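K.L.:
This is the structure, below, for whatever I ask next.
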Amino acid sequence: MIRIYRRKIDDLRRVVIPQQMLNGINVKPGDLVDITCEGGSVRIEKSMPTCWLCRSDENLVEVEVEEQNCMICSRCVMRIQMALIRRQRRLKKYYTFEAAEEIAEETAQQETEE
Ligand SMILES: [Zn+2]
């Protein structure tokens with residue numbers, strides 16, 4: 001049988017959650033909780049660290065972003081690395097192409113001078 005606790009919401013829309021319930025979900029004062037609303041019910045769960053980008057909770061790495069510690073999963077780290085590598089390759093191609101054009105122009109000028 002589900003035990004129902006009846007509480008009054010105060011003027012600041014706060015409600016005291018019974019200690020037994022918090023113990024049941026391993027939450028103590030100062031912990032973060034996630035509050036969601038679905039199908040007319042409000043759900044409170046212990047906040048678990050998740051990836052800042054995809055919300056996954058697997059293989060998290062702590063990263064400092066603007067003086068805040070954020071968690072990013074290794075999959076997202078890999079995606080970022082791959083995007084950077086692709087970008088670097090594109091830039092390299094561009095610069096290589098530009099350098100090749102410059103060399104071709106210089107060679108053409110030298111040939112006309114000779
Ligand atoms: Zn992720």
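K.L.:
Between a residue in region 38-53 that is farther than 18 Å from Met21 by Cβ and any residue that is open to solvent by 80 Å² or more (accessible area, probe 1.4 Å), which pairs come within a Cβ distance under 6 Å, given they are 6 or more apart or on different chains?
P.N.:
Close Cβ pairs satisfying both conditions: Thr50/Asp57.
K.L.:
Are any of the residues in region 27-36 basic (Lys, Arg), within 24 Å of Met71 (Cβ to Cβ) and not assigned by TED's automatic domain parsing to the domain that holds Glu66?
P.N.:
yes
Rundown of residues vs (1) under 30 Å from Val27 (Cα atoms); (2) exposed (fewer than 10 other Cβ atoms within 10 Å of the Cβ); (3) in contact with a helix residue (DSSP H, G or I) (Cβ under 9 Å, 6 or more places away or on another chain); (4) not assigned by TED's automatic domain parsing to the domain that holds Val16, yes/no style:
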position: Ile44; (1), (2), (3), (4): yes, no, yes, no
position: Asn59; (1), (2), (3), (4): yes, no, yes, yes
position: Cys70; (1), (2), (3), (4): yes, no, no, yes
position: Gln81; (1), (2), (3), (4): no, no, no, yes
position: Leu84; (1), (2), (3), (4): no, no, no, yes
position: Lys92; (1), (2), (3), (4): no, no, no, yes
position: Ala100; (1), (2), (3), (4): no, no, no, yes
position: Ala104; (1), (2), (3), (4): no, no, no, yes
position: Gln110; (1), (2), (3), (4): no, yes, no, yes
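K.L.:
Give me a count of the residues in region 35-87 that are of a type in the set (A, V, I, L, M), within 16 Å of the ligand (Cβ to nearest atom) and outside any helix (DSSP H, G or I).
P.N.:
Final tally of qualifying residues: 8.
The values are calculated or read from the model by the stated rules, or taken from the named source; none is laboratory data. Worth saying up front: this structure is predicted, and the values here are computed from it rather than measured. Ideal geometry is used to build each Cβ from the backbone, glycine not excepted, and the neighbour counts take in all protein chains shown. Ligands, DNA and RNA are excluded from the accessible area calculation, which covers all protein heavy atoms including side chains. Shrake-Rupley method; radii C 1.70, N 1.55, O 1.52, S 1.80 Å.
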